[in-house]
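Following: one structure in structure tokens, then a few remarks.
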Amino acid sequence: MSPQALSDRHSAILLEVIRLVLSSHQPVSGRTLAKVSDQGLSATSIRNIMEDLVDEGYLLSLGGGKGRVPSQAGLYYYVAALGQEMAREDQRPISRVWPGLEAQAPLGLEGLLDAVGAQLARLTGWAVLAALPPKDTYPFNWLRLSPVEGQRVMMTLETLFGDLWCKVVEVGNPMPLEVLLEVERFLCSQYRGETLEQVRGHIMGGAGRSLLVQAPSMGGAFRLLRHAFAWADRPAMRHWGEANLFGAQALQQPATLLCLHHALQDPMFLPQALAAAKPLPHQGQVAIGTDLACAGLENCAMLSMGFGPGTGWQGLLAVLGPRELDYGQVYQLLSEATRLLGRRMRELLSQNPISTPLLEERS
């Protein structure tokens, strides 16, 4: 729902009601709002406008003079208004809670993501979830092939995001070290910056065939290279701050706790929840209540944003909490976290390759 769908006066009252409910965690009456409102309206006028907002589906009346609370549609309207405000302040600097985090984090994207996710969970007080693209979408930096005891080869691969992956595979016939070195040089000089999927496609198409004539088995050599660019994905979703959810008073219903437990273990929860999410004017998506695609999460909400270096690779970062979470704070911190990750990834992509020194050490 766009913030332009209401008159200025109705929009202002709706936003004031929601801010007061989110800060006090109590329903709001027209009399209460009149005491703090910036609109200069009488309690009667405010009460009439709130009745209109109930009729239009933005507020819910609790009856018996207990006041009003925002509906799911009202919360969407409020978060969309925050998105428009963020868009007007797009050049804001990253706040002081993030500097230094990159230096403290382990090398590589995944190490930085762990540090950012944990920090975001601490700052928001809720759970943070992240989804990464498949590993074959990562850009290739260098590969090292090292023969080990028996008919095995250890493969060490670094992506341009700084992540280092290792595995040992069995080979039918041992490959001479000089052949492995030539293959390393060829791959590092020809394919740096391409995705692992693209490099594997080149190999399947016969790239490097002339380098492998010295291998005991041409077929075995190509199978070895295919293994070098085939990496099993880790679970699609990672999370931090689970204890924040299970300790929240607003989420203590048994059905909610059970659904949260299953959701945080399900690698498909984040993409499925975002399938029904609504886009925000500035960036990101929000899913509230029934749109989270889980029967026990009607009292929850999730804000998410994408992050990446601007090359088509995109991960997702999200904050999951109760419907009454501090949307403004979460939106700001989530925006800063994704900007930090994207900036660091662009820096990693611009760095010089380090494959040559590795190869020279072994020559």
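Of the residues in the range 251-259, not one is more than 19 Å from GLU298 (Cβ to Cβ) and either modelled with pLDDT of 80 or more or touching a His at 6+ places or on another chain (Cβ under 9 Å) (or both).
Of all residues in the range 247-273, those that are farther than 19 Å from HIS25 by Cβ and either in a helix (DSSP H, G or I) or touching a strand residue (DSSP E or B) at 6+ places or on another chain (Cβ under 6 Å) (or both) total 17.
Which residue is modelled with the lowest pLDDT, if the candidates are limited to the range 282-304 and must be under 18 Å from the mean Cα position of the chain (by Cα) and farther than 15 Å from LEU320 by Cα? My answer is HIS282. Output yes when any residue across the range 253-268 is farther than 25 Å from ARG346 by Cα, surrounded by fewer than 16 Cβ atoms within 10 Å (Cβ to Cβ), charged (D, E, K, R) and not assigned by TED's automatic domain parsing to the domain that holds LEU112, and no when none is. Scanning the range 253-268, I find no residue that is farther than 25 Å from ARG346 by Cα, surrounded by fewer than 16 Cβ atoms within 10 Å (Cβ to Cβ), charged (D, E, K, R) and not assigned by TED's automatic domain parsing to the domain that holds LEU112, so the answer is no. The residues in the range 25-76 that are in contact with a helix residue (DSSP H, G or I) (Cβ under 6 Å, 6 or more places away or on another chain) and either assigned to a loop (DSSP other than H, G, I, E, B) or over 26 Å from GLN249 (Cα atoms) (or both) can be counted, and the count is 13.
Given the condition in contact with a strand residue (DSSP E or B) (Cβ under 9 Å, 6 or more places away or on another chain), in a loop (DSSP other than H, G, I, E, B) and of a type in the set (A, V, I, L, M, F, W, C), answer yes or no: does some residue in the range 282-294 qualify? The answer is yes; a qualifying residue exists. Looking at the structure I just gave you, is GLU85 at pLDDT below 85, assigned to a helix (DSSP H, G or I) and out of contact with any strand residue (DSSP E or B) (no Cβ under 8 Å at 6 or more places or on another chain)? Here the answer is yes, as GLU85 does meet what is asked. Of all residues assigned to the range 164-172, at least one qualifies as being within 27 Å of GLU110 (Cα to Cα), touching a Phe, Trp or Tyr at 6+ places or on another chain (Cβ under 8 Å) and not in a loop (DSSP other than H, G, I, E, B).
The selection criterion, being among the polar types (S, T, N, Q) and either in contact (Cβ under 8 Å) with a residue 60 or more places away in the chain or in the same structural domain as GLY117 (by TED's automatic domain parsing) (or both), does not hold for ASN173. Checking GLU197, GLU184, GLU158 one by one, the residue that is surrounded by 15 or more Cβ atoms within 10 Å (Cβ to Cβ), in contact with an Asp or Glu (Cβ under 6 Å, 6 or more places away or on another chain) and not assigned by TED's automatic domain parsing to the domain that holds GLY117 is GLU197 and no other. Scanning the range 221-270 for residues that are among the acidic types (Asp, Glu) and over 30 Å from LEU187 (Cβ atoms) returns GLU242, ASP266. The set of residues in the range 259-317 that are touching a Pro at 6+ places or on another chain (Cβ under 8 Å) and of a type in the set (Phe, Trp, Tyr) contains only TRP313.
The values are calculated or read from the model by the stated rules, or taken from the named source; none is laboratory data. In this text, all values refer to a predicted model and were calculated from it rather than measured experimentally. Quick reminder, even Gly has a Cβ in these numbers, built from the backbone with ideal geometry, and neighbours come from all protein chains shown.
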